[in-house]
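Have a look at the structure below, then the notes.
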Amino acid sequence: MTKRFAVVLAAGQGTRMKSKLYKVMHPVMGKPMVGHVVDQALEAQMNKIVTVTGVGAETVQDYLGEKSEYVLQEEQLGTAHAVEQVAPLLEGKEGTTLVICGDTPLLTSETLKALVAHHEDTSAKATILTAHAEDPAGYGRVIRAEDDSVRKIVEDKDASETERAVQEINTGTYCFDNKALFETLKKVDNNNSQGEYYLPDVIELLKNEEELISAYQLSNKEDALGVNDRVALAQASKLMKKRINEAHMRNGVTLIDPEQTYIEVDVKIGQDTVVEPGVYLKGSTVIGEDCHIGTHSVIEDSRIGDNVVVKSSMIESTVMENNSDVGPNSHLRPDSIIKEDVHIGNFVEVKKTTVGKNTKVGHLTYIGDATLGENINVGCGTIFVNYNGKEKNHIEVGDNAFIGCNANLVAPVTVEKDAFIAAGSTITEDVPADAMAIARARQVNKEDYAKQLPYKH
Ligand code: UD1
Ligand code: CA
């Protein structure tokens, strides 16, 4: 079978982004643009992927890791110059080379596969992925000869008025006969308005040698979007969001208003889960079946079991097991484990804590650096005092303990199982099993004293 190589162009400055972050690393629904491109190329089963990096090369390389091989383009002299840097790895090899830009995040593996198949079926030396654009400004235009064959590509900045009116654009994705590509690249010059070596010039050079050039038109033109600035970045996110949301809905997830639901690309959601508007699901989050994720919840890098209810809460790097619930307006911070049937109510903050099965933390509580057993009741307004100004210490609460309202548990401290903490107590010493701890001043009632108080006069 024909060897298939992919070259991903990711060395450009990205000047138009006006950003400290390297262009192709800007995320679209949670994944850097270059990640989308490389993942789709991997899915399209390329034998080898080479990414051309330049400014910010290390960032791209660290991010993509072993998904790709790399070459460095030290100076960004244009897309043809970028591909030429790959010569040491590919020049002279028999095969098909797919060239993709790192800033076209919406291209799918299906399109890439279809493009490669079309290229190989027609035995063309080059095949351009083109698209029809209502507003072609900024893109290279595909100029066809009278017999409708592709003659050349003209960049927006070099185009005549008639050429500029052409609405068929170069998506920046191509297939080449590998040998012909590297032979022709040597002939590309930089006599153009930008003084750059343009990869699309290879097309005209091959055409002049009477080689067969083919074009494959993208049916869904939105997939061709090239992101050069933040306006296009937002458009790309919007299109990607729609694609992701539709896939979830087709898999049996109810999104009440998909327009206002943000689900990043790697998130997984089980059947019959309902997601309300204004929800943002991020990173590596996995949500089970039959959950209800209420409006304005943000869940990041978390694992949510089945039948979990989240009401207007923020959850970060946390595990919530089956049948647990949280909110409204609570915050589960990293490294927390909320076991089955746990109830976390309103205005509760939990950090780096395990909460055992069937335990209830109903209202206005802070729990940090703690381990709580099963069937515990944590009263309203309780504070786990985990920080002494210098270090964080651990707090342990045993099964079936009852913590009265407004208690302070000062770390390090252990409350053993079945113990009872009286409301308003500040607990600084361990409490043995079955004991009641009370640590507050006794109440004194002063008869008739209120009558003399200034506010009465
Ligand atoms: C390019 C095409 C244009 C096409 C458009 C599609 C050229 C000359 N033009 O234009 O015909 O319509 O893409 O989106 O190719 N890059 C390098 N090294 C360089 C220059 C660029 O690696 O020296 C990379 C960039 O990081 C980017 C890609 O190549 O990922 C495309 O470069 P960009 O400057 O965005 O080209 P466009 O002007 O968009
Ligand atoms: Ca571009």
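The values are calculated or read from the model by the stated rules, or taken from the named source; none is laboratory data. Note that this is a predicted model, so its numbers are computed, not measured. When we count neighbours, we look across all protein chains shown, and the Cβ atoms used for this are built from the backbone with ideal geometry, even at glycine.
Can you name every residue in segment 89-108 that is outside any loop (DSSP other than H, G, I, E, B) and either within 16 Å of ligand 1 (Cβ to nearest atom) or in contact with a Leu (Cβ under 8 Å, 6 or more places away or on another chain) (or both)? Correct list: Leu89, Leu90, Thr97, Leu98, Val99, Ile100, Cys101. Of the candidates Ala234, Ala224, the single residue that is within 16 Å of ligand 2 (Cβ to nearest atom) and under 30 Å from Lys311 (Cα atoms) is Ala234. The residues of segment 156-191 that are within 16 Å of ligand 2 (Cβ to nearest atom) and within 29 Å of Gly92 (Cβ to Cβ), listed by number, are Asn170, Thr171, Gly172, Thr173, Tyr174. Scanning segment 223-262 for residues that are away from ligand 1 (no atom under 16 Å from the Cβ) and part of a loop (DSSP other than H, G, I, E, B) returns Asn251, Gly252, Val253, Ile256, Asp257, Thr261. Evaluated against (1) out of contact with any His (no Cβ under 8 Å at 6 or more places or on another chain); (2) under 30 Å from Ser330 (Cβ atoms); (3) assigned to a loop (DSSP other than H, G, I, E, B), Val265 falls short on exactly one condition, (1).
Residues being over 28 Å from Asn323 (Cβ atoms), among the β-branched types (Val, Ile, Thr) and in contact with a Ser or Thr (Cβ under 9 Å, 6 or more places away or on another chain) are entirely absent from segment 255-267. Residues in segment 92-108 that are within 26 Å of Gln13 (Cα to Cα) and either loosely packed, with under 15 Cβ neighbours inside 10 Å or not charged (D, E, K, R) (or both): Thr97, Leu98, Val99, Ile100, Cys101, Gly102, Thr104, Pro105, Leu106, Leu107, Thr108. Does Gly65 satisfy being at positive phi, small (Gly, Ala, Ser) and more than 21 Å from the chain's Cα centre (by Cα)? Criteria not met by Gly65.
Checked against the criterion of being at pLDDT 95 or above, within 16 Å of ligand 2 (Cβ to nearest atom) and in the same structural domain as Asn190 (by TED's automatic domain parsing), segment 114-122 has no qualifying residue. Here Val319 does not qualify as buried (at least 20 other Cβ atoms within 10 Å of the Cβ), closer than 21 Å to Ile376 by Cα, free of Cβ contacts under 8 Å to residues at least 60 places away in the same chain and among the β-branched types (Val, Ile, Thr).
Scanning segment 61-88 for residues that are in a helix (DSSP H, G or I) and within 16 Å of ligand 2 (Cβ to nearest atom) turns up Thr79, Ala80, His81, Ala82, Val83. Among the residues here, Thr127 qualifies as touching a His at 6+ places or on another chain (Cβ under 8 Å), among the hydroxyl-bearing types (Ser, Thr, Tyr) and either within 16 Å of ligand 2 (Cβ to nearest atom) or in a strand (DSSP E or B) (or both). Among the residues of segment 195-212, are any small (Gly, Ala, Ser) and either in contact (Cβ under 8 Å) with a residue 40 or more places away in the chain or within 16 Å of ligand 2 (Cβ to nearest atom) (or both)? No: segment 195-212 contains no residue that is small (Gly, Ala, Ser) and either in contact (Cβ under 8 Å) with a residue 40 or more places away in the chain or within 16 Å of ligand 2 (Cβ to nearest atom) (or both).
For segment 1-52, the tally of residues that are assigned to a strand (DSSP E or B), away from ligand 2 (no atom under 16 Å from the Cβ) and in contact (Cβ under 8 Å) with a residue 12 or more places away in the chain stands at 7. Restricting attention to segment 89-111, the residues that are more than 16 Å from ligand 2 (Cβ to nearest atom) and closer than 21 Å to Met33 by Cα add up to 6. Exactly one residue out of Glu58, Glu75, Glu146, Glu155 is near ligand 1 (Cβ under 9 Å from one of its atoms), more than 18 Å from Ala180 (Cβ to Cβ) and surrounded by fewer than 16 Cβ atoms within 10 Å (Cβ to Cβ), and it is Glu75.
Results for (1) under 33 Å from the mean Cα position of the chain (by Cα); (2) buried (at least 17 other Cβ atoms within 10 Å of the Cβ); (3) of a type in the set (Phe, Trp, Tyr); (4) within 20 Å of Met320 (Cβ to Cβ), shown as yes or no for each residue.
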position	(1), (2), (3), (4)
Tyr366	yes, yes, yes, yes
Asp369	yes, yes, no, yes
Lys390	no, no, no, no
Gly398	no, yes, no, no
Gly424	no, no, no, no
Thr428	no, no, no, no
Ile438	no, no, no, no
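Determine whether Ala180 is farther than 28 Å from Glu120 by Cβ, away from ligand 1 (no atom under 15 Å from the Cβ) and in contact with a strand residue (DSSP E or B) (Cβ under 9 Å, 6 or more places away or on another chain). Spelling it out, it is not the case that Ala180 is farther than 28 Å from Glu120 by Cβ, away from ligand 1 (no atom under 15 Å from the Cβ) and in contact with a strand residue (DSSP E or B) (Cβ under 9 Å, 6 or more places away or on another chain).
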